[in-house]
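Every number in this text was worked out from the coordinates using simple rules, so none of it is lab data. If you're wondering where the values come from, they're calculated on a predicted model, not measured in any experiment. When we count neighbours, we look across all protein chains shown, and the Cβ atoms used for this are built from the backbone with ideal geometry, even at glycine.
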Amino acid sequence: MIYRKMGKSGVRLSAIGLGSYLTIGFKLDEQASRETVRAAYGAGVNFFDTANAYNTGESERVLGKCLAEFPRSSYFLITKVFSPMGPGPNDRGLSKKHIFEQCEASLRRLGLDYVDLYMCHRPDPDTALEETVRAMEDLARQGKILYWGVSEWPAELMVQANAIARDIGARSIAVNEPRYSLLYRYPELNVFPTTAREGIGNVVFSGLAHGMLTGKYKPGQEPPRASRMDGEDTNMVLKAMYWSEENKRRGQELVQLARELGTSAATLALSWCLRRPEVTSAIIGATKVDQILENVKAVELVIPQDVGKRLDEIFPAPKIPGS
Ligand SMILES: NC(=O)c1ccc[n+]([C@@H]2O[C@H](COP(=O)([O-])OP(=O)(O)OC[C@H]3O[C@@H](n4cnc5c(N)ncnc54)[C@H](OP(=O)(O)O)[C@@H]3O)[C@@H](O)[C@H]2O)c1
């Protein structure tokens, strides 16, 4: 494993992190979850990602139990706040009230005294940015969180939040969590250049586009049994964002390129995410131990220039509007 600095902060995260969306405490029962967490930890993964909303707290509960067997200082945990956790008007968003209450609830479910990094899962246009920045600062001063971060925030909003933090003497954003893969390259336009300037790290998610970049989904064929696409309770994002014959065909081209390098499509796709200096870590999801062992190999792979060019041809970079 290799460990990379989280933006300008002194902390180092494994270049592959293990996430829990649709897997730990959802598709995987407690025993299967424990096996994936042990496999990841055994491979050197020191960074785990969850959210209050993943299976309405159940992912946090199961992940917390799995991590309890390791020394607290040996791993870094992110959890998140924003998505609805109940029917009430204050059961969602980034108000100070909801942030404080959900932080307490997450700590209880995880069985922890503090979370390493508390993340705003999405922007909340209904709450003044200063209220959110102050809430994060207050939680940090109470020792309940060490750092704070954002997920899928536009670049300008991160700049505004950091300017407020500077004005009021609060902590700035330590990490951003954007979607990033060969099939979703938009962070290259504004997000990566901005976070580099602001000293914000990036822990990117869905680097395999929910499995589309593993080659397991083949043109003209039904999805494999028990895969993410096979379940109505797991396939919503995959279906909405990536499911097309064209993407399945591109997935097979990726398999071919990977074969030429003596590796797998999943390893190549994740290694491609890690080639960017702005990326601290790629957060993977996994339903099997073998997937973890295959995916962590991404940290060792160096992509030759000619292969990088062919990847750009198959999965073109997005264009800046108007250029
Ligand atoms: N901040 C956010 O808004 C946000 C959003 C989404 C995710 N995340 C975080 O990022 C993590 C990863 O997201 P993701 O699960 O969408 O990532 P992903 O890595 O793109 O997809 C993971 C899924 O692909 C399949 N897979 C993984 N490795 C494979 C391999 N080597 N061969 C074949 N299939 C493989 C598995 O599904 P099957 O075996 O079921 O097919 C696995 O659950 C989440 O757990 C979560 O912690 C954050």
Using the Karplus curve 6.51 cos²θ - 1.76 cosθ + 1.60 with θ = phi - 60°, work out ³J(HN,Hα) for each residue of the range 83-94 in order, rounded to whole Hz, and write x for Gly and Pro.
5, x, 10, x, x, x, x, 9, 8, 7, x, 10
Ascending count of other beta-carbon atoms within 10 Å, so fewest first, for Phe315, Phe192, Phe70:
Phe70, Phe315, Phe192
Along the range 168-173, Karplus-curve 3J(HN,Hα) (6.51, -1.76, 1.60; θ = phi - 60°) to the nearest Hz, with x for Gly and Pro, reads 9, x, 9, 5, 8, 5
Can you work out ³J(HN,Hα) from phi for every residue in the range 25-33, in order, using Karplus 6.51 cos²θ - 1.76 cosθ + 1.60 and θ = phi - 60°, giving whole Hz and x for Gly and Pro?
x, 9, 6, 9, 6, 4, 5, 5, 4
With respect to the cross-link table entries Lys216/Lys288; Lys97/Lys239; Lys65/Lys239, which display a Cα-Cα separation exceeding 25 Å?
Lys97/Lys239; Lys65/Lys239
Using the count of nearby Cβ atoms within 10 Å as a rough guide to exposure, how do Ser73, Ser281, Ser227 rank from fewest to most?
Ser73, Ser227, Ser281
Where N is the number of residues in the range 21-113, Cα Rg divided by 2.2 N^0.38 Å
1.10
Whole angstrom only: what separates the Cα centroid of the range 125-190 from the Cα centroid of the range 196-267?
28 Å
Could you give the angle, 0 to 90 degrees to the nearest 10, between helix 265-274's Cα long axis and the longest principal axis of the Cα atoms of the chain?
40 degrees
Using modelled amide H (1.01 Å from N, peptide plane; none on Pro or chain starts), what sits under 5 Å from the amide H of Thr234, excluding residues fewer than 5 places away?
none
Gaussian network model of the chain, Cα springs within a sub-10 Å range: biggest mean-square fluctuation belongs to which of Gly88, Gly149, Gly44?
Gly88
Express the relative contact order of the range 233-295 as a whole percentage, based on alpha carbon pairs under 8 Å and six or more residues apart in sequence.
22 percent
Degrees separating the helix 245-260 axis from the principal Cα axis of the chain, which is the longest one:
80 degrees
Got the relative contact order for the range 150-255 handy, in percent, Cα pairs under 8 Å and 6 or more residues apart?
22 percent
What number, rounded to the nearest 500 deg cm²/dmol, is the helix-based mean residue ellipticity at 222 nm of the chain, given -39500 (n - 2.57) per DSSP H run of at least four residues and division by all its residues?
-11500 deg cm²/dmol
How much of the DSSP beta bridge set in the chain is antiparallel, as a percent to the nearest 5?
15 percent
Under 5 Å from the placed amide H of Met119, counting only residues 5+ away or on other chains, we find Thr79, Lys80, Val81, Gly149
Residues Phe26, Phe76, Phe48, sorted so that the one with the fewest Cβ neighbours within 10 Å comes first:
Phe26, Phe76, Phe48
Between helix 96-110 and the chain, what is the angle of the helix's C-alpha long axis to the longest principal axis, kept within 0 to 90° and rounded to the nearest 10?
60 degrees
Whole-Å distance, taken between Cα centres, linking the range 85-104 and the range 294-309:
41 Å
